[in-house]
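Trainee: I have a structure I would like to understand better, so I am pasting it below and will then ask my questions one at a time.
The values are calculated or read from the model by the stated rules, or taken from the named source; none is laboratory data. From a predicted model like this one, the values you see are computed outputs, not experimental measurements. Glycine also receives a Cβ, built like all others from the backbone with ideal geometry; neighbour counts cover every protein chain displayed.
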């Protein structure tokens, strides 16, 4: 079984430090959002997520420009992304309609399935994805924008029916791009897995 070797210097690379900051912002967001009483509180919570997204963009630019792309960063970056989105969806589920719980369920099914396939592919065949694919980046960009909009208009769920339709439309779009990325990543991972199995049989 292949082992992932992480050099000590990787733990102190600036892009990875920014990744730690993103993870530390998660409990701050959860606390601020769930305890929010006024629109200002919600705006602050949204600002925390915007800061997290900017940090995400910055660590990628620094890693590429200064050649600080590391194995640790390749693990840390998606983990920070997934934990942040999971925390947001849990907060939405606790505050609003059951439709957010359905979105959270889709997210969990997607991440658990992809995680199991990724682990199986690496442990059994030493293969792994080389970075995020275009469809993953597209889904993340759309989701990030719509999530921030939802965070900025917290009272819309209690307003007129047209506001609620807009909210449901945004949730539907998030669900669609999430499902699209799920299907595409599953197709890629299964393709890599079947190719690895066929190659192993040929080499026996």
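Trainee: Against the condition over 20 Å from residue 141 (Cα atoms), touching a helix residue (DSSP H, G or I) at 6+ places or on another chain (Cβ under 6 Å) and in a helix (DSSP H, G or I), how does residue 72 come out, does it pass?
Mentor: yes
Trainee: Here is a follow-up. Has the range 64-82 got any residue that is under 12 Å from the mean Cα position of the chain (by Cα), surrounded by 15 or more Cβ atoms within 10 Å (Cβ to Cβ) and over 26 Å from residue 9 (Cβ atoms)?
Mentor: No, every residue in the range 64-82 fails to be under 12 Å from the mean Cα position of the chain (by Cα), surrounded by 15 or more Cβ atoms within 10 Å (Cβ to Cβ) and over 26 Å from residue 9 (Cβ atoms).
Trainee: For the range 21-56, give me each residue that is within 28 Å of residue 127 (Cβ to Cβ) and surrounded by fewer than 18 Cβ atoms within 10 Å (Cβ to Cβ).
Mentor: Within the range 21-56, just 23 meets the criteria.
Trainee: Separate question: Those residues that are crowded, with 16+ Cβ neighbours inside 10 Å, at pLDDT 85 or above and farther than 23 Å from residue 29 by Cβ, I need them from the range 86-142; list them, please.
Mentor: Answer for the range 86-142, where residues must be crowded, with 16+ Cβ neighbours inside 10 Å, at pLDDT 85 or above and farther than 23 Å from residue 29 by Cβ: 114, 117, 118, 121, 135.
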